[in-house]
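The values are calculated or read from the model by the stated rules, or taken from the named source; none is laboratory data. None of these values were measured; they are calculated from a predicted model. Glycine also receives a Cβ, built like all others from the backbone with ideal geometry; neighbour counts cover every protein chain displayed. When the accessible area is computed, the model is the full protein with side chains, heavy atoms only, and any ligands, DNA or RNA have been set aside. Shrake-Rupley method; radii C 1.70, N 1.55, O 1.52, S 1.80 Å.
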Amino acid sequence: MAELATYEDAIVETLRKRAVQSAILIDDRFPTYIDLLAMQDQDEIRENFQDVDDARRLYRLMHENKIVCDVENVVGHVDDAFLEKIRKSDLVVLDWNLNPNDHGDCESAVNVLCGLSISPHFNLVVIYTRDELDQVWTRSAVRLHGGWREKEDLGNDLDLGGQDLDQLLEDIDPDGHVNFVTDEMLQNFVQGGLKKIKNYKDLINDLVKQTGIPAKSGSELLTILIHRAAIKRHGALADGSCARVIEGSPGGNSRYINVGSLFVCLVSKPVGDEQAEQTIFDHLDRALVTWNPSVLQLLVSELQNELEHHSYAFDHSRMPSNKLKAGWMYHMLRMHCGADGGKEAVLEALNLRLIETIEESIRGQMSVPTSNLSRFGQCVTQLAVTPFGDLETKSEIDLVRDAVAAAGLDFNESMPCEVLHALNEYLSADPFRGGHVTVGSILCDASKDHWWLCVSPACDMVPRKHSDEFSWQFSVHPFRPMTLLKLEKGRPSSVLAEAEQGAAIFVTVGEDHIFLRATEAKTRQPRPITCLLEKNGFTGHDVWQKYGFAFHELKPNEDELRSVRTEVFAVSQLRPHYAARFQHLAGGHQSRIGVDYVRYGKSGSDG
């Protein structure tokens, strides 16, 4: 690993130099290797591929940086197969106009960007074009933003003071170009909505005066015009998709867009015989530095680099013997003979063990001070904190202010609790991703007022029939006995003050940040309950209600017991160590032993 003198060096090192090992050049004016072999005459090559000199320069640049490079010059329908092909490259150099019959057609390039933005992989793209970069940035950002809607979907209940919306739009925009909305307004809108637009309140007031509509409807009408401009001028689809906030810089010498799993840098091609003073890597590096990703992003990037540089699948130390391979095969064969979740259980066990093996390998690298991963982590964290000066003299609130500013956020009174909630939730839990309820699953009812945590052993929660015919589990099948801890909501400040005591849980549901305790506030004792979990799950109505379950609990009804059915939704999953902590808390509570002593004097007295 190269020595890192600045935080900017670390950004370039992990996101470009270490990450980019292969590249694909997509340009209909570049020859492929097959084209070069088929055309021996240089004049014929230049006649068919006008930018052959650009292609040669780019190929030489890739070779000098030890990057494997390929060329694609025929782009038809941009489908999943084509996207999957180019996703395999760490860097995509993309021409903006890929239609040889219409050099104003950028749809193929736009479709490539949109496809890569929803890829599970991080994709670096350089748009390499002679088109006006400001216009390219705007169209790219508008199309990647999504969420555009026709006027009918935005203005159904709009109070226009008795005016007809269609006629109003015809008066404002007679030629259909929506000139009232500039590209600069669109650039700002996709980066944060109306409030990002310069002097947006003055624009709304002008619109109200011009049209005579009620003042309360001004912002909605401006929104309709912005959506109309995106659809009419930039070919955006009015498909009702979820809008995505664009992060980027539309101007200057480091134009970039970041959205989803895509980072795009815009670079101008040389015109005529001029020679570019800077390479595309100079532009890309500057754009990445301007983006200024966080320490967390850099550490994850370097971790991914290390994973890709290691061959875990063929590392004999991870799978040391053929006897072990035979053992796993026997385990799978035996479990496939059974039913009731046996196949799923063995696969889950195998996956977890493999993940643990890789995790142990990474931990081993981190424990060696001279390893690349350890050196990078130590260096980048030191470089990140150095600009903040003497930290020992700063209070907790001062440190939060610095951290908030570094993240590009505005500080307010609620920010410390929100920041610490985000941190603690990241450390302890992940979103619930389906499957069955298990130890560490966090559940709530539809109102989000009542919360529970599953503390039953993971093996007891596997949905299968128990083998012991005399057990309670066997007798209540297909229901599963389950132990839950009843959780209670707490005030953010008090829960955070006690966070290091190990009884706090942090969950986010939609826009709600929930602070929970697993013990009663005064006695510090957990409240376990035993219930029966139904076999089948369900889906609720809201977006967060994807994983619904129901359990039955016995409650008194006068002199009898009755079964009360409660519907809950799994929203979060504690990480293994945290789940084990609360399981231990519940087990310790249920195995506690009371002893009798006689008190004399006040608590805390020395004599």
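Some values worked out for this structure:
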| quantity | calculated |
| --- | --- |
| Label-zone membership for the stretch 403-444, site HIS584, 7 angstrom Cα→C-beta point, backbone N under 19 Å | 427-429, 439-441 |
| Gyration tensor verdict on the stretch 7-118 (Cα atoms; rounded if a/c is under 1.5, prolate if a/b is larger than b/c, oblate otherwise) | oblate |
| Rounded to 5, the percent of DSSP beta bridges in the chain classed as antiparallel | 70 |
| Scattering profile of the stretch 414-591 at q = 0.08 Å⁻¹ [log10 I(q)/I(0), Debye over alpha-carbon scatterers] | -0.25 |
| Cβ-based charge dipole, the chain, positive-most Cα from LEU347, HIS589, CYS337 | HIS589 |
| Calculated from backbone phi, Karplus (6.51, -1.76, 1.60) coupling profile of the stretch 596-601 in Hz, x at Gly/Pro | 10, 10, 10, 7, 9, x |
| Two-decimal ratio, the stretch 134-220, of alpha-carbon radius of gyration to 2.2 N^0.38 Å | 1.13 |
| Charge dipole magnitude, Cβ of K and R +1, D and E -1 - the stretch 151-234, Cα centre, debye nearest 20 | 480 |
| FRET E, pair THR508, ALA38, Förster distance 56 Å, beta-carbon r, rounded to 0.05 | 0.45 |
| Contact order normalised by residue count of the chain, Cα under 8 Å, 6+ apart, percent | 10 |
| Listed candidates (i) 1.16; (ii) 1.20; (iii) 1.05 - label of the one calculated as Cα Rg over 2.2 N^0.38 Å | (ii) |
| Where GluC sites (Glu not before Pro) fall in DSSP loop in the stretch 504-607, at most 11 other Cβ within 10 Å | GLU511, GLU558 |
| Global form of the stretch 493-564, assessed from the alpha-carbon gyration tensor, a/c cut-off 1.5 | oblate |
| Per residue, in Å², the accessible surface of the chain once ligands and nucleic acids are set aside, probe 1.4 Å | 56 |
| The stretch 221-258: trypsin sites (Lys or Arg not before Pro) in DSSP loop, at most 12 other beta carbons within 10 Å | none |
| Amide H partners (placed H, <5 Å) of PHE538, local residues excluded | GLY548, PHE549 |
| ASN372 versus ARG491: modelled label distance in nm, points set 7 Å from Cα along the beta carbon direction | 5.1 |
| GluC sites (Glu not before Pro) within the stretch 360-461: DSSP coil, no more than 10 neighbouring Cβ in 10 Å | GLU413 |
| Percent RCO, i.e. relative contact order, over the stretch 151-234, from Cα pairs under 8 Å lying at least 6 residues apart | 43 |
| From phi via Karplus (6.51, -1.76, 1.60), per-residue ³J(HN,Hα) for the stretch 265-271 in Hz, x at Gly/Pro | 10, 9, 9, 7, 6, x, 9 |
| The chain - mean residue ellipticity at 222 nm from DSSP helices (-39,500 (n - 2.57) per run, n ≥ 4, rounded to 500) | -12500 deg cm²/dmol |
| Cross-link table LYS88/LYS151; LYS66/LYS196; LYS522/LYS602; LYS201/LYS489; LYS196/LYS394, entries beyond 30 Å C-alpha to C-alpha | LYS88/LYS151; LYS66/LYS196; LYS201/LYS489; LYS196/LYS394 |
| Relative contact order computed over the stretch 414-591 (Cα-Cα under 8 Å; 6+ residues apart), in percent | 27 |
| Leading residue at positive end of dipole, the stretch 1-159 (Cβ point charges), from ALA55, LEU133, GLY146 | ALA55 |
| Under-5 Å amide H pairs with THR508, H placed in peptide plane, nonlocal only | ILE514 |
| Unit charges on C-beta of K, R, D, E only; dipole of the stretch 90-198, Debye | 700 |
| Amide H partners (placed H, <5 Å) of LEU262, local residues excluded | ASN123 |
| Residue-by-residue Karplus 3J(HN,Hα) for the stretch 532-541, coefficients 6.51, -1.76, 1.60, Hz, glycine and proline x | 10, 8, 5, 5, 9, x, 7, 10, x, 8 |
| Dipole axis of the chain (+1 Lys, Arg; -1 Asp, Glu on Cβ), positive-most option in SER241, HIS227, HIS77 | SER241 |
| Length released on extending from ASN536 to LYS88, taking residue separation times 0.36 nm less the Cα-Cα span | 157.3 nm |
| Dipole in debye (nearest 20) - the chain, about Cα centre, beta carbon charges: Lys, Arg +1; Asp, Glu -1 | 2920 |
| Fraction of accessible area attributable to carbon and sulfur, the chain (%, probe 1.4 Å) | 52 |
| Whole-angstrom gap from the stretch 560-590 to the stretch 172-246, using each part's C-alpha centre | 49 |
